[in-house]
1. Using only alpha carbons, build the gyration tensor for the range 290-421 and give me the equivalent ellipsoid semi-axes, biggest first, whole Å.
2. Residue separation times 0.36 nm, minus the C-alpha to C-alpha distance between residue 71 and residue 219: what's the value?
3. Ranking request for peptides 86-98, 338-350: highest mean number of other beta-carbon atoms within 10 Å first, then the rest in descending order.
4. Please determine, in degrees from 0 to 90 and to the nearest 10, the orientation of helix 229-242 with respect to the longest principal axis defined by the Cα atoms of the chain, where the helix direction is its Cα long axis.
5. Can you give the Kirkwood hydrodynamic radius of the range 227-284 from its Cα pairs, in Å with one decimal?
6. Would the range 173-229 count as rounded, prolate or oblate if I go by the C-alpha gyration tensor, calling it rounded below 1.5 in a/c and otherwise prolate when a/b exceeds b/c, oblate otherwise?
7. Cα-based Rg (one decimal) and Dmax (whole number) for the chain, in Å?
8. Beta carbons within 10 angstrom, averaged per residue: use that to sort the peptides 384-390, 215-221, highest first.
């Protein structure tokens, strides 16, 4: 609400056409409606146009709870893009503040982020998935308490989101438990120290990123092996981004350290770094590719496929079957056929593979799952892995099924797989 009032004060002098957008996530029965009523009332008082929307989701979209924030964020950004198009706006302003930055630092630190991630939220960027829309966060350098004091002084009405106190979300645990402990045990000025460190990291990460971009654009380049390791990493990261290849730490380090040694990133496709530092796609020899992967249409009834020492059968169940009757049995699994795409691929484990088993908040390294499940090294490369048309892993033999293609109450078509050893 503070951001709305500030932008309203500036709009006339700056000749801005201001439109407010409110997205009802429908996660807090009663509270969401009250929030919307307040926004509608204030917009009417300020004579600001309001575009409202709500999240229409199936019951299963909130399970597991750990995925809720990500799903809500995707839905919110989609709504903002639609609202901006409707209002003919080219810029979206959001009210993130400095306390959000501090929480994001620890959130990204827990997930193993590098310099770019630890830089935190950008003051200016584009809306995710909508590069034509500028995204600005004018309050990012202001502490939350300062905004609260301003709201009290100016008598700006606002509502507190009660879900901020729910510690089932990692961000809330950082805000409510970890940060208070650090302020008490380490330093009362912990917040300022973190913000200062983020500023330094941002400047240094930007410098390294520009140096890598300049190196890639140069007609005559310095020898890759003589570049500083930080610049080498950025050179690899920027090329992976251009190739739309996920950039996990192990993949980047392999390509940075080894020239001429391919790494598999897709079925039947490998990347290799030349001595000049440039990444190139390479295709394995024909004899290697024949065993590397097997692709097929998951919606076709396939009585028997043979791959990697296993026999797999695939059948599309064309009528809706209650979830209770799809209980998992040894050698049998059920998937949401519409989540798989036109073709799925069977293959074996590859370096850098990531997978999100049922109930986990996000994808993790498959190697770590194998270790935690005590699957012997000799067995890991024999197990089957299935990927969607988009290349995402939705099933790993021997592990619980993935979140990506699990059968939900709103699933329309079910694909039944059975497998046995030859």
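Laboratory data are not the source of any read-out in this text; all were calculated from the coordinates shown. Remember, predicted model here, so these are calculated numbers, not experimental data. As a convention, Cβ positions derive from the backbone with ideal geometry for all residues, glycine included, and neighbour counts pool all protein chains shown.
1. Each semi-axis is the square root of five times an eigenvalue, giving 22, 17, 14 Å.
2. The residue 71-residue 219 span can extend by a further 48.9 nm.
3. On the way: 86-98: 16.3, 338-350: 18.8.
Result, highest mean Cβ count within 10 Å first: 338-350, 86-98.
4. Around 80 degrees separate the two axes.
5. Mean inverse Cα-Cα distance, inverted, gives 11.2 Å.
6. It comes out prolate by the Cα gyration axes.
7. When restricted to Cα atoms, the chain yields Rg and Dmax of 25.1, 76 Å.
8. Sorting 384-390, 215-221 by mean packing, highest first, produces 384-390, 215-221.
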